[in-house]
Structures are given as C-alpha cells and as structure tokens.
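Structure record follows, encoded as structure tokens.
The values are calculated or read from the model by the stated rules, or taken from the named source; none is laboratory data. The shown structure was predicted, so the numbers you read here are calculated from the model rather than taken from an experiment. No Cβ is skipped: glycine too gets one built from the backbone with ideal geometry, and neighbour counts run over all protein chains shown. The area values use the complete protein model at the heavy-atom level, side chains included, leaving out ligands, DNA and RNA. Shrake-Rupley method; radii C 1.70, N 1.55, O 1.52, S 1.80 Å.
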Amino acid sequence: MTVTRREALGLAVGSVAALTTLRFTEPAFAAGDALQDAIMEFTGGAQPGDGDITIGAPEIAENGNTVPIEVSAPGAASIMLLATGNPSPGVATFHFSALSGAQEAKTRIRLAKTQDIIAVAKMPDGSAITTKRSVKVTIGGCGG
Amino acid sequence: MAKVKPRVKVPKTASVNEVVTIKTLISHPMESGQRKDSKTGEAIPRKIINKFAASFNGEPVFMANMEPSVSANPYIEFQMRVPETGVVRFEWTDDDGSVYDLEKTITAA
Amino acid sequence: MKRTVSLLAGGLLGGMLCTAALADDGRELVIDGETIATTTAAADDHPLSEIISGWRFRSAETQTLQMDDFENPAFVAIEYAEELWEEPAGTSSKSCADCHGSFDSLAGLRAELPRWNEEMGKPATLEMLINASIEKHQGAEPWKWESPEMLAMTALIGLASRGMPVALKTDGPMADWIKKGEELYYTRVGQLDLACANCHEDNYGNMIRADHLSQGQVNGFPVYRLKWGGLGSIHRRFKGCMDQVRATPYTRGSDEFIALEAYVAARGMGLSVETPSVRN
C-alpha cells in the first residue's frame, strides 16, 4: 500500500479529531486517574499544594533511557516522583529520617517521551506539597 | 554486566554532625517488563531492584522504593548527617528476593 | 540513474539536517583534577580544520556523567575487569596479572592502536590483542567481540591510557590499511547513499533530527551509551551507522572495520584517549 504525504496528513488530522471527540465524551483520562490515585494513596488523601519543593532535570534530555534528575523538599518526610507520560506513572519514592542530612535525592530515570515530571512531598504534619517540571525527550537521528 | 555488583562512594572521615554526600550505583539491567524479545516476540518479565535502603549503626538513614522507570544500573545519591563513628550499611532488594549489601565505615573526628 | 539517486539522498539528508551552532560552552573535561584535552589542532593537509572529541557535542548532563569516575556508569565494568584481570584461566591457570602485573603497565597501548601485527598479518585492535593473549598465554577460550568480558577488559586497558594523545603508526604496512579505511570512509553506501564523511566531516556540529552530529572520533571507546544502557565497541558503532543508512553492515572484527578503525583513529591523532567515555 502506498500512502502519499497528503493522505498521511489527512489520517493524522483524522486521528487528532477522533481523540478530541473522545475528550468530550470521556472527560477523565484513565492515565490521569492512575496518577491522581497514586498521589492520593501517597499523601493519605491530602490534596498537595504549593511549597518549597524543587525538581532539577535537563530541559531537553539527549536520551530518554537515562535522564539525571534531582528532587529537594526541605523538611519533608518523603518525596514521590512521578512521570506522567510513562506506561505507569510511578518512578521512585524517597524516605528520609533524622539522619538524613538534607531532604533531597538524585537518581537517573527513563522517560518514554516528552512529558511532565511531578514531585509530591509528604510533610511531617500530614500536609503535602507538589511541583512539576517539563522534560523534552528527543528522538535521535542516529539510533546506531 | 555479567553479575550484579554494588558500588558506593562514602567519605572515610567526617567531622561530628557533618552532612556528607553518599553516591551509590548497582549494576543491574532493571528489566522493565515493557520490552519484548526481538526474536520470539514474548514479553520479557519484569526484574528490577525495587528497594534501596541505607542505615547507620542500625538506624535508618534513607530509603527508596523504585519502579521500572528507574534507569538500568540504578544510581542514587543522598545526604547523610554523621553523628558519630560508625558503619553505613547499604541494601538493594531485587524482585527475585535477592538482597545485595555493602558496608562502609565513616570515622567521625 | 545513479546521479538521481544521489541527488535524492542528498535532498533527504539536507531535509533532516538543520544548522545549529556547536554546543560549545567552553567547558573543560576535568576528571579527578586532571584536564583532558578535547580538541586539538589539525595539520594543514587534514580534512578537518580542527579535531574535536565527541564529548564536546554532548549536552551538559551527558558531559557531567563522564567527569566523575563514580558517576560514570562504565566504571561498573572497570571493576568487573579488575576482577577478571586477577582471575586465573585456561590450561596455564595464569591470570593477566601474573604476566602483566598491574593493568597500568599497559599505559599507552590504547593510544597506539590499531597497530601492525606481523603474526596476524594485519593491524591488531585491542580486542584482537586481548584474545591472542588469552589463547596463547592462558590457553583459554577467546572472548566474543561484544561480550561483557571483552567490553570490560578493553575499557580497563583503555583507561590506563586515559589522557594520552592518540598516536598510532601510519607508515609501513599500516599505510595500505589506512588508505583502505579512507576509501571506505568516503564511499557512499546503503539506501540513503551516505558515506561516513557526509555526516561526520561535512555536517558535524549540525543537528540530524534531534541529534547533534559529532566528528565520529573513536578516542573514547569502548563507550557507555545511554541509548545502549551499557558499553559498546567501535565496531558496534560502525555497524549501527551502517544500519542507519540502510546498508548491509560489515561484521565486527572484519578487515573492513579494522581498516576503518585504523583510518578513523588516524584522523583523530593527537586527541586524548577518553576511555571509558559517556555518550547519548
């Protein structure tokens, strides 16, 4: 089968239109639910607000296989990291103690595509704070 | 790599209550469970390090639960306050139940 | 007909490329307080105006991974190779250490390779020298080119030369092989009809889709590629490039790849050995 550029574009536009329609009929995304559920389970039901929490990550990752990332939330009991565009959103949860020198951690993560990274911190008083950061994942020209 | 091997970078000495950076890495494929065998087309079962824990003289310092979104050869860096001379113990738990461990002594002056 | 195809492929490459300034923020590669030169001047008759390590073409995050031997994930393999180095093997029950002492005794070797080997009747790469030693002196089974053992050992022996300038011999019997490698470098292959030079000489510094094209230097191999999640050999990278231009790749260890390795190494003469490097 030969698909011309024009036909391919038409197909693409068609699929976007179909998706848009779906949005209206089904306002809540399944992925969004999984994300919300994961956050609520972590915070014990507390709705996270703004606060002193930061994510350090490259604006553009050269390869989604290994993306250096760091999170910090002074005073937090634990921090959960979520990747909204991965097959399942959970990435890692860090737990701190009285011997933690700082409530921060660095790791390297996989990102399936360009997406938002969310960090949620649970504070000792039961409240929760959150932040997010967008990371662009490039598609290499030379897979090799 | 051929076998699972943990590495850690811990300062040998610190002053009392100094906050030190601890770097850890373990050689592990972190098989996500999302991939298929290119020849057979069958799903490759998930096998990851799902937990990392550090303790000092038996007291918990830092713990991480990990999901398949953590990269191969998982790297974790964290901060620790050194209250006294003692032993930092590191434990990595594999999906298959294996636990890999390592201990390092920090002398507090 | 042939001309049409080339033009078409030329258009394709042109379409994929877009100009971008070299992401050169003037950073220096410093490891453990030691500065490793990542550029060097090219001779007047060199096809490149300046010789530049692939490290300079990478993003700050990827560069950083190579600047600390703990954060560099290739060092897991280095530790594995240090164990292999001490392990007796084969009918002789000798370890590498029994004959060579410390792996540091091989400092400088990686910088001189490929090197003419009379017994083999061809230039020897590090993989070939390791296997020759395993067979002759240990009486053990040779390692596969891309095996974890071979990658770890080439990384360890390469590390002994880190910071030393690439300085292989190009005269004598090497001259013919380097010439053969040069021919391969400039020969268009595959459905995309591209030669090594089309990307790595004519277009380094430009973007090929979202990738920043380097000069394709081999001074940091074996390299830990984030894409691979592990180490890979020079010949694996050559094969990957050939796959990408939809050519039938030569095999690892083939005379073609040995010749190409010799030529590409010679093009990067004066660049520091960076083994084990980190790339995207």
Q. Tally time: how many residues in the range C:216-251 are within 10 Å of chain A (Cβ to nearest Cβ) and part of a strand (DSSP E or B)?
A. 3
Q: Could you grab me the full set of residues in the range C:165-177 that are assigned to a loop (DSSP other than H, G, I, E, B) and over 15 Å from the mean Cα position of the chain (by Cα)?
A: C:Lys169, C:Thr170, C:Asp171, C:Gly172, C:Pro173
Q) From the set of residues in the range A:96-130 that are in contact with an Asp or Glu (Cβ under 9 Å, 6 or more places away or on another chain) and more than 13 Å from chain B (Cβ to nearest Cβ), which is most open to solvent (accessible area, probe 1.4 Å)? A) A:Thr130
Q: Select from the range A:51-85 the residues that are over 23 Å from C:Val278 (Cβ atoms) and not in a strand (DSSP E or B) and list them in ascending order.
A: A:Gly51, A:Asp52, A:Ile53, A:Ala73, A:Pro74, A:Gly75, A:Ala76, A:Ala77, A:Thr84, A:Gly85
Q) Can you spot a residue in the range B:83-102 that is open to solvent by 70 Å² or more (accessible area, probe 1.4 Å) and among the aliphatic types (A, V, I, L, M)? A) yes
Q: Scan the range A:61-89 residue by residue and report those that are among the small types (Gly, Ala, Ser), free of Cβ contacts under 8 Å to residues at least 60 places away in the same chain and open to solvent by less than 20 Å² (accessible area, probe 1.4 Å).
A: A:Ala73, A:Ala76, A:Ser78, A:Ala83, A:Gly85
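This table checks each residue for (1) at pLDDT below 95; (2) more than 10 Å from the chain's Cα centre (by Cα); (3) not small (Gly, Ala, Ser).
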site	(1), (2), (3)
B:Pro11	no, yes, yes
B:Thr24	no, no, yes
B:Gln34	yes, yes, yes
B:Ile76	no, no, yes
B:Val82	no, yes, yes
B:Phe90	no, no, yes
B:Ile106	no, yes, yes
B:Ala109	yes, yes, no
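For every residue, the table says whether it meets (1) on the phi < 0 side of the Ramachandran plot; (2) in contact with an Asp or Glu (Cβ under 7 Å, 6 or more places away or on another chain); (3) modelled with pLDDT under 80; (4) of a type in the set (Ser, Thr, Tyr).
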residue: A:Arg6; (1), (2), (3), (4): yes, no, yes, no
residue: A:Ala12; (1), (2), (3), (4): yes, no, yes, no
residue: A:Thr21; (1), (2), (3), (4): yes, no, yes, yes
residue: A:Ala30; (1), (2), (3), (4): yes, no, yes, no
residue: A:Ala46; (1), (2), (3), (4): yes, no, no, no
residue: A:Ala57; (1), (2), (3), (4): yes, no, no, no
residue: A:Gly75; (1), (2), (3), (4): no, no, no, no
Q. Which of (1) more than 14 Å from chain A (Cβ to nearest Cβ); (2) under 18 Å from C:Thr125 (Cβ atoms); (3) in a loop (DSSP other than H, G, I, E, B) does C:Lys180 not meet, given it meets every other one?
A. (3)
(Q) Filter the range C:48-78 down to the residues that are part of a loop (DSSP other than H, G, I, E, B) and more than 13 Å from chain B (Cβ to nearest Cβ) and list them by number. (A) C:Leu48, C:Ser49, C:Ser53, C:Arg58, C:Ser59, C:Gln66, C:Met67
Q: Take the residues in the range B:1-37 that are of a type in the set (S, T, N, Q) and at the interface with another protein chain (Cβ under 7 Å from one of its Cβ atoms), then tell me which one is surrounded by the most Cβ atoms within 10 Å (Cβ to Cβ).
A: B:Ser27
Q. In the range B:40-49, is there at least one residue being touching a His at 6+ places or on another chain (Cβ under 7 Å), β-branched (Val, Ile, Thr) and buried (at least 19 other Cβ atoms within 10 Å of the Cβ)?
A. yes
(Q) Can you tell me which condition C:Glu256 does not meet? The list is (1) within 28 Å of C:Lys122 (Cβ to Cβ); (2) without any contact (Cβ under 8 Å) to a residue 40 or more places away in the chain; (3) open to solvent by 10 Å² or more (accessible area, probe 1.4 Å), and all the others hold. (A) (2)
Q | Top-ranked residue of the range B:38-57 - restricted to ones that are assigned to a strand (DSSP E or B), more than 14 Å from chain C (Cβ to nearest Cβ) and within 30 Å of A:Gly101 (Cα to Cα), ranked as farthest from the chain's Cα centre (by Cα) | A | B:Phe56
Q. Name the residues in the range C:114-163 that are touching a strand residue (DSSP E or B) at 6+ places or on another chain (Cβ under 7 Å), closer than 22 Å to C:Val273 by Cβ and of a type in the set (A, V, I, L, M, F, W, C), would you?
A. C:Trp116, C:Ala124, C:Leu151, C:Ala155
